[in-house]
Structures are given as C-alpha cells and as structure tokens.
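These notes concern the structure reproduced below.
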Amino acid sequence: MKNLKLKAARAAHDMSQAQLAEAVGVSRQTIIAIEKGDYNPTINLCIEICKVLDVTLNDLFWDN
Amino acid sequence: MTFEIFVPWVVVLLIVVLLGLFFSILIRKNHRMHSEYDERQKLIRAKGKSVGFMVMLVYYAILALLILFDVRIPMYTDTMLLVGIMLGAGSAAIYYSLYDAYAGMNDNAKRLSIIAVAVGAFDFFVGLQNMMSDHFVDSHGMLSRGIVNTLLGGIVFILGMIMIVRNWKMKHEES
C-alpha cells in the first residue's frame, strides 16, 4: 500500500526524495519503494525517517 | 582435453582463484573500496543470491538428466561447467539490477551501467568472432569455447541495459 503520508510529510519539509534519502542514510530507490508501498522499512529506518521529518511513527506508518 | 593441456589449465585456474581471494580480502580490509548497501538493497541481494544459486542448480540438474539419458551434449566439460557458474552469477546480478540493488549508495550507478554495456558488447563480439573462426562447431563436433565469452558478454550487456533503463526511469519519477 502506498505511503502517501510520508510523501506529504516530505513535501511539507520541502525535501526531495534524494535529500530525504541522504539525511536518513539510505538510497533514493529505497525512499521511492517505501512511498510506493513496495518495501516495508525496519523499525530503525522508520524511526530515522520520523526524526528527520519531525513527526511521530503513528503520523507516518500507522493506518488510521 | 589432453593431460598436457589440463595440468597448466588447472594451474592457471588456481592462480586466478588465489589472486581473486587475495583481492577480495584486500577490499574487505579497505572500507573505502566497499560498496555500501542500505537495508532494502541487502535484502534484495540476499534474495538474488538464492535466485542465482537456484538457476545454477536447475542448469546442473538438467545437465545431469541429459547425461543420464545418454543425450549427446556438443560442449566440452569445462565449457559446460563454466556456463553453469556464469548463468548463476548472471541471474543474481540481473536480479539485483532489476530491483536497484546492484550499485551501492556510494557507487556511481550511471558510470557502472555504461561500463557494463561497453564491456558486455565488446566481450560479446570477441566471443562471436572466436566462434566464427572455429566455425561455431569445431572438428570434434563440439561447440566452440567462444560460447563462454559470448554468453558472458551478453549477460553483462543485458545487466548494463537494465541499469540504464532503471536509472532513466528513476530520473523521471517525482523527486
């Protein structure tokens, strides 16, 4: 399932996929895969992404 | 293959394996030469290794069945064995590139893909030329050993093309 929340949070911070990938320490293809729903990141990666985007895990990775 | 050719061939193979081991240890110790992969790429690469291994297993199983039923395979033994290894390694590499896990985060994917296409094409045509000079099938009715180069060149060329297409596709996706 696509992760549109991640896309929105990234856009809110005016960050490109490449910038987010570099900040988090993964490849751009991994960020693309997470946003497309093709890859489920580990909890550590989820935490790193949340730290960079200054949001909680619930905000990005929990289905309401 | 006569014994006189076999012994130096084995010696050369041993030297190549030892050199390969030496350089792989050297690269392991020098972290700057490492390709760095993120968690997703490591997962894909682990899966790709299984895919490559399965392809190799299937190839050798088919070969074993053919030999069991006395089907004549017009290939020298060394060629048959090498083709299996190449198919396995090639399948793994192609799997990596299909899922953007071939080039590491610190690798220049564009440069790698161009090199792969160039080297693959060159190797393919050199192999083809070798085969044509042997008339594809030699005087013993066996497929020319140039098939090894041709196949390897083809695999590397396909790998390079997949990487180029994936890089182009990614460039045009939203950034």
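Nearest 20 debye, what's the magnitude of the dipole of the range A:4-59 about its Cα centre given +1 on Lys and Arg Cβ and -1 on Asp and Glu Cβ? Can you show the working numbers first?
Values: 6 positive and 7 negative charges, 23 e Å.
Here the size comes out at about 100 debye.
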Within 10 Å of the Cβ of an average residue in B:102-108, the count of other chain Cβ atoms is 2
What angle, in degrees between 0 and 90 and rounded to the nearest 10, separates the Cα long axis of helix B:3-29 from the longest principal axis of the Cα atoms of chain B? 10
Given the whole protein assembly as supplied and a 1.4 Å probe, what does the accessible area of residue B:83 come to in Å², nearest 10? 10
Go through the range B:1-109 and name the GluC sites (Glu not before Pro) that are in a DSSP coil and have 14 or fewer other Cβ atoms within 10 Å of their Cβ. B:36
Name the residue from A:33, A:20, A:44 whose Cα lies farthest towards the positive end of the charge dipole of the range A:4-59, charges +1 on Cβ of Lys and Arg and -1 on Cβ of Asp and Glu. A:33
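Starting from the Cα gyration tensor of the range A:4-59, take the square roots of the eigenvalues, sort them a ≥ b ≥ c, and report rounded, prolate or oblate (rounded when a/c is under 1.5, otherwise prolate if a/b is larger than b/c, else oblate). Before the final figure, lay out the partial values.
Numbers: a/c = 1.20, a/b = 1.05, b/c = 1.15.
Rounded, since a/c falls under 1.5.
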With r as the distance between the Cβ atoms of residue B:161 and residue B:136 and R0 = 35 Å, compute the FRET efficiency 1/(1 + (r/R0)^6) and round to 0.05. 0.90
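Counting only protein heavy atoms and rolling a 1.4 Å probe, how much accessible area do A and B lose on contact, total for both sides, in Å² to 100? Intermediate results must be reported in sequence, preceding the final value.
On the way: alone 4290 and 12250 Å², together 15330 Å².
Summed over both sides, the interface buries about 1200 Å².
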Could you order B:135, B:34, A:13 so the one with the most accessible surface comes first? Probe is 1.4 Å. B:135, A:13, B:34
Just read off the accessible area of residue B:44 with the full protein assembly in place, 1.4 Å probe, to the nearest 10 Å². 30
Say the cut-off is 24 Å between C-alpha atoms; which of A:51/B:47; B:29/B:171; A:2/B:110; A:36/B:171 go over it? A:51/B:47; B:29/B:171; A:2/B:110
Charge dipole (chain B, unit charges on Cβ, about Cα centre) - positive-most of B:66, B:160, B:76: B:160
Residue-averaged beta-carbon neighbours from other chains (10 angstrom radius) around B:36-47: 4
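The values are calculated or read from the model by the stated rules, or taken from the named source; none is laboratory data. Everything numeric in this text was worked out from a predicted model, so none of it was measured. Backbone-built Cβ (ideal geometry, glycine too); neighbour counts: all protein chains shown. Side chains included, ligands, DNA and RNA excluded: accessible areas come from the protein's heavy atoms. Shrake-Rupley method; radii C 1.70, N 1.55, O 1.52, S 1.80 Å.
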